[in-house]
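The values are calculated or read from the model by the stated rules, or taken from the named source; none is laboratory data. All values reported here derive from a predicted model rather than from experimental measurement. Reconstructed Cβ throughout: ideal geometry from the backbone, glycine too, with neighbour counts over all protein chains shown.
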Amino acid sequence: MTRKARLSRKTNETEIRVELNLDGKGSYLIQTPLPFMDHMLSLLAKHGFFDLKVAAKGDVEVDAHHTVEDLGILLGDAFRQALGEKSGIRRYGAATIPMDEALASVSLDLSGRPYLSYQAPALKGRIGNFEVRLLKEFLRAFSNHLQATVHVQLLQGEDLHHGAEAIFKALARALDEACMQEKRSPGIPSTKGEL
């Protein structure tokens, strides 16, 4: 079974293409008009061992919000499509990752029930031209379209870049764990029989 997805989304505000291989080696080619998001998505691919290609255009001269949110939407859709019926996956994943003085924790459940808990009050301001508050919008769109429960906590950190990087690395590791094939239980990982 190949766990891959190739999707595109075109609106009046953005045009995005995504290719995802859940069983990759962490290779990536990310091209968006937002260099900081390129960096975050590269971390997601590299540390989650997902092969990921993203090509995006957006009306960033108006605001980066549309592009960031639509990246979350399409990436969530791609993960959901690549997972299929979720048979044989571990379902749950959690990781706590340091990045110098920053420490972030991400726990998630590929439950079919979208929910985001985002506790990162220190992430306010800009990294270069990027509004850090948009990371929450990306994660909300991602969790909604992946249909996953995602809990994000920035436990400590002073540098905005380090805090954001720790979050995306923790998300990558938690996703990798949750998407892994579980040989001990090849069916749907739920007593209900469906996710």
Checklist outcome for this item: Of the candidates ALA82, ALA104, ALA94, the one satisfying the condition of being surrounded by 15 or more Cβ atoms within 10 Å (Cβ to Cβ) and touching a Ser or Thr at 6+ places or on another chain (Cβ under 6 Å) is ALA94
Item to check | Residues located in the stretch 14-41, provided they are in contact with a helix residue (DSSP H, G or I) (Cβ under 9 Å, 6 or more places away or on another chain) and part of a helix (DSSP H, G or I) | outcome: PHE36, MET37, HIS39, MET40, LEU41
Next on the checklist: I'm trying to understand the selection: among the residues of the stretch 21-45, which are crowded, with 16+ Cβ neighbours inside 10 Å and more than 12 Å from the chain's Cα centre (by Cα)?
Outcome noted: ASN21, LEU22, GLY24, GLY26, TYR28, ILE30, THR32, LEU34, PHE36, ASP38, HIS39
Next on the checklist: Only one of ALA120, ALA56 is closer than 17 Å to ALA174 by Cβ and touching a strand residue (DSSP E or B) at 6+ places or on another chain (Cβ under 8 Å). Can you tell me which?
Outcome noted: ALA120
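Please work out which residue is nearest to PRO114 (Cα to Cα), limiting yourself to the stretch 140-169 and to residues that are of a type in the set (D, E, K, R) and more than 10 Å from the chain's Cα centre (by Cα).
Restricting attention to the stretch 140-169, the residues satisfying the condition of being of a type in the set (D, E, K, R) are 140, 158-159, 165, 169.
Still in the running and more than 10 Å from the chain's Cα centre (by Cα): 158-159, 165.
Numbers: GLU158: 30, ASP159: 29, GLU165: 23 Å.
The selected residue is GLU165.
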Item to check | the stretch 49-76, residues that are over 13 Å from ASP176 (Cα atoms), charged (D, E, K, R), touching a residue at least 24 places away in the same chain (Cβ under 8 Å) and surrounded by fewer than 21 Cβ atoms within 10 Å (Cβ to Cβ) | outcome: LYS53, LYS57, ASP59, GLU69
Item to check | Hits in the stretch 178-195 - residues which are at pLDDT 80 or above and crowded, with 18+ Cβ neighbours inside 10 Å | outcome: ALA178, CYS179
Checklist outcome for this item: If we ask which residues in the stretch 50-68 are farther than 30 Å from GLY193 by Cβ, of a type outside the set (Val, Ile, Thr) and not in a strand (DSSP E or B), their number turns out to be 6
Next on the checklist: Between THR11, THR2, which is surrounded by fewer than 17 Cβ atoms within 10 Å (Cβ to Cβ) and in contact with a helix residue (DSSP H, G or I) (Cβ under 8 Å, 6 or more places away or on another chain)?
Outcome noted: THR11
Item to check | Selection status of LEU146, of a type in the set (A, V, I, L, M, F, W, C), under 15 Å from LEU195 (Cβ atoms) and at pLDDT 95 or above | outcome: yes
Checklist outcome for this item: With the first residue restricted to the stretch 130-150 and required to be more than 21 Å from ASP109 (Cβ to Cβ) and surrounded by 18 or more Cβ atoms within 10 Å (Cβ to Cβ), and the second required to be at pLDDT 95 or above and of a type in the set (Lys, Arg), Cβ contacts under 7 Å at 6 or more apart or on different chains are VAL132/ARG126
Item to check | Selected residue [of a type in the set (Ser, Thr, Tyr) and closer than 23 Å to MET180 by Cα] from SER107, SER8 | outcome: SER107
Next on the checklist: Being in a helix (DSSP H, G or I) and among the β-branched types (Val, Ile, Thr) is the requirement here; does THR2 meet it?
Outcome noted: no
Checklist entry - Among the strands (runs of 3 or more DSSP E) confined wholly to the stretch 69-172, which include 3 or more residues that are farther than 21 Å from GLY26 by Cβ? => result 102-109, 115-119, 149-156
